[in-house]
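Participant: Handing you a structure now.
A short reminder: the numbers here are calculations on the coordinates, not readings from a lab. Note that the coordinates shown come from a computational prediction; the quantities given were computed from them, not determined experimentally. With ideal geometry, Cβ positions are generated from the backbone for all residues, glycine too; neighbour counts draw on all protein chains shown.
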Amino acid sequence: MSATGSVKTPASKAPSTTAATKAPSTAAASTAGGAIDEQAKRLEKLEARSKAVNTNNIARVANSQLTSADEKLTVLHALKTDRPLERFPETPAKIARMTDTMVDQMLLALEAERSGTAEAKRERLRVQLGLKPNPA
């Protein structure tokens, strides 16, 4: 005990300040790492969307050149995943045979409007694929 009445603690027994100072920097590093991961994910999503838009534009141009309802369609890709649309109709003629659910799923994957009658949705899908709407 010292003359002032306080107890002296040896340096080896004193609380470490390095543990206290490391915690905030570790937290800051993990927060920064999380922000970088989030940015990387956002960039990947943006890249996938951009690739899908480019792929779909090329497919629409190719599909717009078809002269028969029995010619093969070029497949479009989902905007969020850049994967080919599932159960894509092989030809324009097969669009008429698609179920309402299938048409709805394709419009959703293309982020197109899904309101209206079943026939209106089919016409919207035709246009999304690069085809001319059926004449009235």
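Participant: Using the 10 angstrom Cβ neighbour count as an exposure proxy, how do I36, I95, I58 rank, fewest first?
Facilitator: Lowest count first: I36, I58, I95.
Participant: So which of K45/K72; K41/K121; K94/K132; K41/K80; K45/K132; K51/K94 end up more than 23 Å apart, counting from Cα to Cα?
Facilitator: Those over the limit are K45/K72; K41/K121; K45/K132; K51/K94.
Participant: For Cα pairs less than 8 Å apart in space and 6+ apart in sequence, what is the mean separation divided by the residue count of the stretch 25-128, i.e. the relative contact order in percent?
Facilitator: Values: 92 pairs, mean separation 21.2, N = 104.
Over the stretch 25-128, the number comes to 20 percent.
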